[in-house]
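Below is one structure, written out as structure tokens; the observations come after it.
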Amino acid sequence: MSRAADWTQRLLDSRYGLAWLAVLSALETTILPIPIELIMVPYMLARPRRLWLIAAVTLLGCMVGSLLGYAVGFFLFDSVGQPLLAWLDAGEAYDSFEQKFSDNGFLAILAIGVTPVPFQVALLAAGIAGYALPLFLAAVGMARGLRYFGLALLVWLVGERALALWHRHALATGLGVLLFIGAVFAAMRWMGA
């Protein structure tokens, strides 16, 4: 058994498994470059009656991690945020996102949250810009809720094949959701809403 599989099994067997999942989700949101979906799917497959709770706990951890990332951007960008971007090799992604963010922060956070782009960029940019915290949390909740509950739905519908499907179609799905969100916002602007 691989180390990752062994570790995941220990997490599943632990009575603190959901708490650890929340912690791992917070860490993945802020500093870990390993997608939480790699832990979520086996957890959901092993505990199918709890898959919606697993998605909710993962989202909760992500929200806590998002607040931490926002705080780093808001209070500590020069001393902590810049080195974090360098460590994640996300400087170029940050520069690109910063321009999108200045144009439309909510849509930018929503877009980066559903695509496989380092989410830390959105957290730091929102904090640096002093973006309205309630709107920030709403965008994070919507974006990551779509990912995590969408993954739970995928596990519920196709079971064991969910992880392979997610890997194969994550980018296309994220881009599809992004296009849909863009179309909604464009329609709202066109109609003057």
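The values are calculated or read from the model by the stated rules, or taken from the named source; none is laboratory data. This structure is a prediction, so every number in the text was calculated from the model and none was measured. Because the Cβ atoms are built from the backbone with ideal geometry, glycine has one as well, and the counts that use them run over all protein chains shown.
Does GLN99 satisfy the condition of being more than 26 Å from LEU38 (Cβ to Cβ), at pLDDT below 75 and either within 16 Å of the chain's Cα centre (by Cα) or assigned to a helix (DSSP H, G or I) (or both)? Against the criterion (more than 26 Å from LEU38 (Cβ to Cβ), at pLDDT below 75 and either within 16 Å of the chain's Cα centre (by Cα) or assigned to a helix (DSSP H, G or I) (or both)), GLN99 qualifies. Here the stretch 147-161 is the region considered, the condition is being free of Cβ contacts under 8 Å to residues at least 60 places away in the same chain and farther than 20 Å from GLY61 by Cβ, and the residue that is surrounded by the fewest Cβ atoms within 10 Å (Cβ to Cβ) is LEU157.
Matching residues to (1) touching a Phe, Trp or Tyr at 6+ places or on another chain (Cβ under 9 Å); (2) assigned to a helix (DSSP H, G or I); (3) at pLDDT 85 or above; (4) of a type in the set (A, V, I, L, M):
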residue	(1), (2), (3), (4)
TRP7	no, yes, no, no
LEU21	yes, yes, yes, yes
ILE34	no, no, no, yes
ARG50	yes, yes, yes, no
THR58	yes, yes, yes, no
PHE77	no, yes, no, no
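Considering the stretch 132-146, and only residues there that are without any contact (Cβ under 8 Å) to a residue 40 or more places away in the chain and surrounded by 15 or more Cβ atoms within 10 Å (Cβ to Cβ), the residue that is farthest from TYR70 (Cα to Cα) turns out to be LEU146. Taken as a whole, the stretch 25-35 holds no residue that is surrounded by fewer than 14 Cβ atoms within 10 Å (Cβ to Cβ), over 30 Å from LEU76 (Cα atoms) and out of contact with any Asp or Glu (no Cβ under 8 Å at 6 or more places or on another chain).
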